[in-house]
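S.K.: Please see the structure below; I have some questions.
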Amino acid sequence: MKEFVTRFAPSPTGRLHLGHAFSALTVYRAAQEANGRFLLRMEDIDQTRCKPEFENAIYEDLSWLGLDWETPVRRQSDHFDDYVSALEILRGKNLVYRCFKTRKDIADEIERAPHLTAQGPEGPAYFGAPLSTDEERALLDKGAPYAWRLSIAAAKGYLGGAYEDLFFTEETPEGERRVKADPSLFGDVVIARKDSGTSYHLASVHDDALQGVTHVIRGEDLYHAAHLHRLLQAIFDYAAPVYRHHRLLMDASGRRLAKRDKAATLTALRESGAEACDVMARLGFSDA
Ligand code: GLU
């Protein structure tokens, strides 16, 4: 049987809270149940928001919960070259174009023609187009910053009939679902940001393939990302992992727990005298 490899991939932009603990324990438990491998990956491409102190706190919090993981931990910030190479591949296939527009330019464009823009999972699904060579040259000569967008039209052309046949497998407690992928949900997504030269989507899909991840287990807030990730996997000819998107933890008022909920951070709970077993029981993992 194929080896089972899964991962917990936090971004060290703040302290872990109960929602992260739930996610980490869900992933860890799945690896244990499958007699598989559990990886920890630091998704720290956003160098302005990610901080070493948060990374260290993640190691402490997860150890406190009793988790262990393979080392060395892959830190995405140590591998920007890999993501540049992945982008080169997309450029070589003519699937990306430079976008010099600011958020405001795009918001204005959408406001002028709202009927042309569908709402995607991360905001309006914007579809653009490359500039002419002359226009682009002029902006590049001025040093204008730009992002790279993935052209959905070009991706469709590149994959041909295979684009319409893209599916991903979602495993749920009730069984397996085969979901038709609709990568256009995000529009021409930014695949390499102006600041970091990559994006969550590119780096995460790249690393899952590189690390041989067979099961992507994460919160259902990232469910829609699987539609786009499946497209990237097809373009790069990466094996498609199976997905399990788990429920998110809510606070008392029904809102999703977030980094702003200071009281729910594992650090705060620990400092208030909570034991790891209390936290695990609260999250439904008491039979560990
Ligand atoms: N780094 C992402 C986060 O913190 C998780 C990405 C993933 O699991 O695919 O939400």
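Only the coordinates and a few stated rules stand behind these numbers; no lab work does. Keep in mind it's a predicted model, so treat the numbers as computed, not measured. Cβ: placed from backbone, ideal geometry, glycine included. Neighbour counts: every protein chain shown.
S.K.: Compute the length gained on full extension between T133 and S272: take 0.36 nm times their separation in residues and subtract their Cα-Cα distance, giving the result in nm to one decimal. Walk me through the numbers on the way to the answer.
M.R.: Working: separation 139, 0.36 × 139 = 50.04 nm, distance 6.05 nm.
Gain in length upon complete extension: 44.0 nm.
S.K.: Only loop residues by DSSP count here, and only those with at most 11 other Cβ atoms within 10 Å; note down the trypsin sites (Lys or Arg not before Pro) in segment 1-106 that meet that. Don't skip to the end; give the middle numbers.
M.R.: Working: sites: K2, R7, R15, R29, R37, R41, R49, R74, R75, R91, K93, R98, K101, R103, K104; in loops: K2, R15, R49, K93, K101.
Loop-located and lightly packed - K2.
S.K.: Could you give the dipole magnitude of the chain about its Cα centre, charging the beta-carbon of Lys and Arg +1 and that of Asp and Glu -1, in debye to the nearest 20? It would help to have the intermediate numbers written out before the result.
M.R.: On the way: 37 positive and 44 negative charges, 90 e Å.
Approximately 440 debye in magnitude.
S.K.: Which FRET efficiency value, to the nearest 0.05, is calculated for R75 and Q119 with the Förster distance at 30 angstrom and r the Cβ-Cβ distance? Kindly include the intermediate steps, with their values, before the conclusion.
M.R.: Values: r = 34 Å, r/R0 = 1.13.
With a Förster radius of 30 Å, E is 0.30.
S.K.: Now, a different point. Grab the DSSP H runs of the chain that are 4 residues or longer, score each as -39,500 (n - 2.57), total them, divide by all residues and round the 222 nm result to the nearest 500 deg cm²/dmol.
M.R.: Per the formula, -11000 deg cm²/dmol.
S.K.: Of A113, S151, A86, whose Cα points farthest to the positive end of the dipole of the chain (charges on the beta-carbon: +1 Lys, Arg; -1 Asp, Glu; origin at the Cα centre)?
M.R.: Farthest towards the positive pole: A113.
S.K.: Sticking with this one: First check a/c for segment 46-200, with a ≥ b ≥ c the square roots of the eigenvalues of its C-alpha gyration tensor; if it is under 1.5, answer rounded, and if not, answer prolate when a/b is larger than b/c or oblate otherwise.
M.R.: Working: a/c = 1.86, a/b = 1.32, b/c = 1.41.
Oblate, because a/c is 1.5 or more while a/b does not exceed b/c.
S.K.: Out of the GluC sites (Glu not before Pro) in segment 1-74, which ones are loop residues according to DSSP with at most 15 other C-beta atoms within 10 Å? All intermediate terms of the calculation are to be shown ahead of the outcome.
M.R.: Details: sites: E3, E33, E43, E53, E55, E60, E70; in loops: E3, E43, E70.
Passing both the DSSP loop test and the Cβ count: E3, E70.
S.K.: Output the 0 to 90 degree angle, nearest 10, between the alpha-carbon long axis of helix 52-64 and the longest principal axis computed from the alpha carbons of the chain.
M.R.: With rounding to tens, the tilt is 40 degrees.
S.K.: Quick check: from the Cα gyration tensor, does segment 1-99 come out rounded (a/c under 1.5), prolate or oblate? Mind showing how you got there, number by number?
M.R.: Working: a/c = 2.54, a/b = 1.45, b/c = 1.76.
Cα axes put segment 1-99 in the oblate bin.
S.K.: I've got another one for you. Most fluctuating residue of S11, S23, S85 in a GNM of the chain with Cα springs under 10 Å: which is it?
M.R.: S85
S.K.: Also, quick follow-up: Which residue fluctuates most in the GNM of the chain (Cα springs below 10 Å): D108, D221, D81?
M.R.: D108
S.K.: Right, something else. Which of F167, F236, F285 comes first, and how do the rest follow, when ranked by fewest Cβ neighbours within 10 Å? Numbers along the way, then the final one.
M.R.: Values: F167 12, F236 15, F285 18.
Placing the least packed residue first, the sequence is F167, F236, F285.
S.K.: Among C50, C99, C277, determine the one that fluctuates most according to a GNM of the chain built with springs between C-alpha atoms less than 10 Å apart.
M.R.: For the chain, modelled as a Gaussian network with Cα springs under 10 Å, the answer is C277.
S.K.: By how many degrees, 0 to 90 and rounded to 10, does the Cα axis of helix 80-92 deviate from the longest principal axis of the chain?
M.R.: On a 0 to 90 degree scale, this one is about 40.
S.K.: Angle between the Cα long axis of helix 200-210 and the longest principal axis of the chain, 0 to 90 degrees, nearest 10?
M.R.: On a 0 to 90 degree scale, this one is about 70.
S.K.: In the chain, with Lys and Arg counted as +1 and Asp and Glu as -1 at Cβ, which of these residues, G36, T267, L65, has the Cα nearest the positive end of the dipole, that is, farthest along it?
M.R.: Farthest towards the positive pole: T267.
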